[in-house]
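As C-alpha cells, the structure follows; a few thoughts come after it.
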Amino acid sequence: MTDNTLQTLTDDEIRQTRWYYQVELRPGVYTDGPEQHTAAMVRSLAERIDLAGTQCLDLGTQEGLMAVSLARLGAETVVAYDRLDLSDRIAMVKEAYEVDFDYQHGLYLHELSAALQTAGYDPFDVVVFAGVLYHMIDPLAGLGTARSFVRENGLLILETAAIVSDENALFFNAGARYHDSSSYFLPSLTWLDYCLRMLRLKPIDCHHISRPESGSRCRIAILCRAMDAPLPLPNDKWMTKRWITDDFQAVALDFDALASPAPPVNYATDENVLLPHHDQTESVDIFETVMQGNPWPHHPSQARLNLSDYV
C-alpha cells in the first residue's frame, strides 16, 4: 500500500490488503492477515512483565503488533526493527493506535547495533526476538546478536519454530523439508536450552503450541532473564570457557558493556503452573516442559491487534 494513508483507504481496501498480521485500523475493520497465534504467545508473556518506565526493543516487528503492545502496556521507550521497509503500514498503525515508537528498518540485524548506538540508545530492559531465528543463515550468531541488546537483569522473549528433540542440534531445511520459505535451520529444543544458558540467558517461563511428538515441529516462546554468568549443568566445563565470551564480540555481544546496576525487570510467574526445571541452574528445562506440559491455550483475539487492546 505504498503512498497510501489511513485517511485515503476505504474499509474494503483495508480488508482486502494482505498483511502479516490482522490489524484493526478502524472499528471492526481488519487487514487481511492470518491469526498469528505465535504472536499471541509472546503477548501473553509480555503481559506479565512490569513494563512501566522500561526501554524495549522489538526485533522483527513487521507491522508493529508487539511495538504497539509494549507501548500500551507501559513501556517508556519502544524501538521497532525490521529488515523490510514497511513505513507506510507502520504510519497507519501509529495513527490508528495513537502510539509513537522509533522505527528502524532497511538494515540487516548485524548492522542494527551500530545504528542504535549512533541514535544514543543504551542496552534495553526488554527485548522481543520473535519469528526471526529460523530465517537466519547463522542462528547462533543471530541469537548472540539479540542477546547483545539486553542489559544484565533485563528480559528477552524468544519465539521460534523448533524441533522436538533432545539432540543438541540444528536441523537444516533442505528441500523445504519443514517449510517452503526462507527458513534455513530449525533448532532442537535442547539446542535452544543450551545456547540460551551459554549466552547468560536463564529461561524462567515458556509457552508452546501443539502437543508434540519426537522429531516433530513446534512453536515455542521462551522468556529469559539476562544473567551475569553462564548457567552450565554439572560437569560441563566447556560452557564457561573464556573463548565463548571473546568469540561473541564478533556479533557485538560484549557482556561487560551489558553490566547494569539497574534492578531486575519484574516478571510475575504464574504460580499455578509448575514447569520442569534444571535443579542446578533453577532454569526452565525447555525440552521437558514441552514434552510434559499442555499446549498453551490461546484466544483468537490475542492473535490479532485490536483497537481496544490494553486501554
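The values are calculated or read from the model by the stated rules, or taken from the named source; none is laboratory data. Quantities reported herein were computed from a predicted structural model and do not represent experimental measurements. Positions of Cβ are generated from backbone atoms using ideal geometry, with glycine treated the same way; all protein chains shown enter the neighbour counts.
Descriptive notes on the structure:
- When Pro295, Pro263, Pro230 are screened for being in contact with a Ser or Thr (Cβ under 7 Å, 6 or more places away or on another chain), at negative phi, exposed (fewer than 15 other Cβ atoms within 10 Å of the Cβ) and in contact (Cβ under 8 Å) with a residue 12 or more places away in the chain, only Pro295 passes.
- Some residue of the stretch 134-142 being at pLDDT 95 or above, surrounded by fewer than 24 Cβ atoms within 10 Å (Cβ to Cβ), acidic (Asp, Glu) and out of contact with any Leu (no Cβ under 7 Å at 6 or more places or on another chain): yes
- Against the test of being modelled with pLDDT of 95 or more, farther than 17 Å from Arg304 by Cβ and basic (Lys, Arg), the options Arg26, Arg48 yield a single qualifying residue, Arg48.
- Members of the stretch 190-227 that are part of a loop (DSSP other than H, G, I, E, B) and either within 16 Å of the chain's Cα centre (by Cα) or more than 18 Å from Tyr267 (Cα to Cα) (or both): Leu199, Ser210, Arg211, Pro212, Glu213, Ser214, Gly215, Ser216
- Residue check for Asp50: among the charged types (D, E, K, R) and under 19 Å from the mean Cα position of the chain (by Cα): yes
- Long-range neighbours under 7 Å by Cβ, at least six apart or interchain, first residue free of Cβ contacts under 8 Å to residues at least 60 places away in the same chain within the stretch 74-102, second among the basic types (Lys, Arg) and surrounded by fewer than 23 Cβ atoms within 10 Å (Cβ to Cβ): Val99/Arg72; Asp100/Lys94
- Hits in the stretch 1-43 - residues which are free of Cβ contacts under 8 Å to residues at least 40 places away in the same chain, part of a loop (DSSP other than H, G, I, E, B) and closer than 19 Å to Val99 by Cβ: Thr31
- Filter pass, Tyr184 being in contact with a Lys or Arg (Cβ under 8 Å, 6 or more places away or on another chain) and surrounded by fewer than 21 Cβ atoms within 10 Å (Cβ to Cβ): no
- Conditions (1) over 27 Å from the mean Cα position of the chain (by Cα); (2) surrounded by 13 or more Cβ atoms within 10 Å (Cβ to Cβ): number failed by Tyr20: (1)
- For the stretch 164-189, a tally of residues being in a helix (DSSP H, G or I) and either under 19 Å from His277 (Cβ atoms) or in contact (Cβ under 8 Å) with a residue 12 or more places away in the chain (or both) returns 1.
- In summary, helices (runs of 4 or more DSSP H) completely within the stretch 229-311 and bearing 3 or more residues that are within 26 Å of Gln36 (Cβ to Cβ) occur at 286-292.
- Which numbered condition Val290 fails, given (1) in contact with a strand residue (DSSP E or B) (Cβ under 6 Å, 6 or more places away or on another chain); (2) modelled with pLDDT of 95 or more: (2)
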